[in-house]
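Q: Quick one: structure below, then a few questions.
The values are calculated or read from the model by the stated rules, or taken from the named source; none is laboratory data. Bear in mind that the values here come from a model prediction, so they are computed numbers and not experimental data. For neighbour counting, all protein chains shown are included, and Cβ atoms are generated from backbone atoms with ideal geometry for every residue, glycine included.
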Amino acid sequence: MNLHEYQGKEILASFGVGVQRGKLATSPEEAVEAAKQLTEETGTGWHVIKAQVHAGGRGKGGGVKLAKNLKEVESISDQIIGMNLITPQTSAEGKTVHQVIVAEDVYYPGDSEPSEFYVSVLLNRASGKNMIMYSTEGGMDIEEVAEKTPHLIFTEEVDPSIGLTAFQARNVAFNLGLTGTAYKGMVKFISNLYKAYVESDSSLFEINPVLKTSDDKIIAVDAKVTIDDNALYRRPNYALMRDEREENPIEVEAKALGLNYVDLDGNVGCMVNGAGLAMATMDLIKMAGGEPANFLDVGGTADAKRVEEAFRIILRDENVKAILVNIFGGIVRCDRVANGIVEAYKNMADQINVPIIVRLQGTNAEIAKEIIDNSGLEVHSAVQFKEAADKVKEVLA
């Protein structure tokens, strides 16, 4: 589950991580009031207005701007709230901005020049360990840094049985070239950041930039946080942070129906039971010359109601040119699934305008094939994987 910047900063601050302070606003009037409060609390004279959407590169799309007075706070907020923000990380249609952060200006003059760093915490799946990735090149796309100057990216892998050691936190500060107060501040920042990552059940913390201010404070200016969905049952306060307006509406609807669905860019819809079989089915579609339009696992209860719900979800995607149903009848018998498919098809016959290929294997598979073949419906049955692939190729031709 992705969080907005302001939500990520709330979690960071709760673990003692220094953050750029700001207040949420949903209208220009609220933005002005937030700016006044920030000035009273922090003494800041300038304010940064930041669009709150689940996408990076907001500044490149005009979603982050500096306001030097209250009049500019109002006018800039009015421009950003309601805008269709297009960034390198959004679709071509962009995302509607519903709210902004009015944040304090942290690039104030002082005894030294501010410095920007990149820091993230994530799981290294190759080693099975958490990893801190960091660089002196903050404020830039980390992919660009990795491509052009890979020697400027450092990592610290953390043994889960030990946790982050004090030596590793000091090593991060040292490699970033910090000394004195800033060095000590970064050691504390990294220690608290890692603690926040572990104890919030996150799968990603990306802070870009981490700022060393002109008076040597270390703070998170931005925060991209992803919480592990599988841990939300024990983090109900974080579950409340979900903003469904930022998510794919089809995926939101599928989740409400209890279907495991991920929207993809292809032309063949998939309805499968079991994640492993779903992955194999997507490979099958690729081998047949198609592209999977979705990942959809209906689970072990593929009855008529559930099949009908799955069909409706798949057909919401206008790019779907065919549907492949691939069910292994272990827990659920194939003949029950076949009857469910026939009943669901009849209930929504006027909405089905693409070919459907059904492959049922397992308990009572032969009976299931007879049910499909004798239904009188425009459904292609298959028994073997290759047979299903050939039928996909045939209907796409």
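Q: Somewhere in region 45-54, is a residue among the charged types (D, E, K, R) and under 21 Å from THR226 (Cα atoms)?
A: Taking region 45-54 first, the residues among the charged types (D, E, K, R) are 50.
Now narrow it down to the ones that are under 21 Å from THR226 (Cα atoms): 50.
The answer is yes; a qualifying residue exists.
Q: Being out of contact with any Phe, Trp or Tyr (no Cβ under 9 Å at 6 or more places or on another chain), outside any strand (DSSP E or B) and buried (at least 21 other Cβ atoms within 10 Å of the Cβ) is true for just one of GLY276, GLY258, GLY290. Which residue is that?
A: Selected residue: GLY290, the only one of GLY276, GLY258, GLY290 that is out of contact with any Phe, Trp or Tyr (no Cβ under 9 Å at 6 or more places or on another chain), outside any strand (DSSP E or B) and buried (at least 21 other Cβ atoms within 10 Å of the Cβ).
Q: May I ask you to list pairs of residues, at least six apart or on different chains, whose Cβ atoms are under 8 Å apart, with the first in region 1-16 being among the hydroxyl-bearing types (Ser, Thr, Tyr) and the second being outside any helix (DSSP H, G or I)?
A: Hits for this filter: TYR6/GLY22; TYR6/LEU24; TYR6/GLN52; TYR6/ILE101.
Q: Any idea which residue in region 61-81 is surrounded by the fewest Cβ atoms within 10 Å (Cβ to Cβ), counting only those that are in a loop (DSSP other than H, G, I, E, B) and under 31 Å from the mean Cα position of the chain (by Cα)?
A: Pass one, region 61-81, residues in a loop (DSSP other than H, G, I, E, B): 62-63, 68-69, 81.
Then keep just the ones that are under 31 Å from the mean Cα position of the chain (by Cα); that gives 62-63, 81.
Numbers: GLY62: 15, GLY63: 24, ILE81: 21.
So, considering only residues that are in a loop (DSSP other than H, G, I, E, B) and under 31 Å from the mean Cα position of the chain (by Cα), the one surrounded by the fewest Cβ atoms within 10 Å (Cβ to Cβ) is GLY62.
Q: Out of (1) at pLDDT below 95; (2) under 25 Å from GLN7 (Cβ atoms); (3) polar (S, T, N, Q), the odd one out for SER120 is which?
A: (1)
Q: Separate question: Mind listing just one residue for me: the one in region 112-138 that is outside any strand (DSSP E or B) and of a type in the set (Gly, Ala, Ser) and, of those, surrounded by the fewest Cβ atoms within 10 Å (Cβ to Cβ)? Working first, answer last.
A: Just the residues of region 112-138 that are outside any strand (DSSP E or B), to begin with: 112-114, 125-128, 136-138.
Narrowing further to those that are of a type in the set (Gly, Ala, Ser): 112, 126-128, 138.
Working: SER112: 13, ALA126: 7, SER127: 10, GLY128: 9, GLY138: 22.
Ranking the candidates gives ALA126 first.
Q: Give the number of residues within region 139-178 that are within 11 Å of TYR118 (Cβ to Cβ), small (Gly, Ala, Ser) and not in a helix (DSSP H, G or I).
A: Of the residues in region 139-178, 1 are within 11 Å of TYR118 (Cβ to Cβ), small (Gly, Ala, Ser) and not in a helix (DSSP H, G or I).
Table: residues versus (1) crowded, with 17+ Cβ neighbours inside 10 Å; (2) not hydrophobic (A, V, I, L, M, F, W, C).
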position	(1), (2)
ALA322	yes, no
VAL337	yes, no
ILE341	yes, no
ALA349	no, no
ALA365	yes, no
SER375	yes, yes
VAL379	yes, no
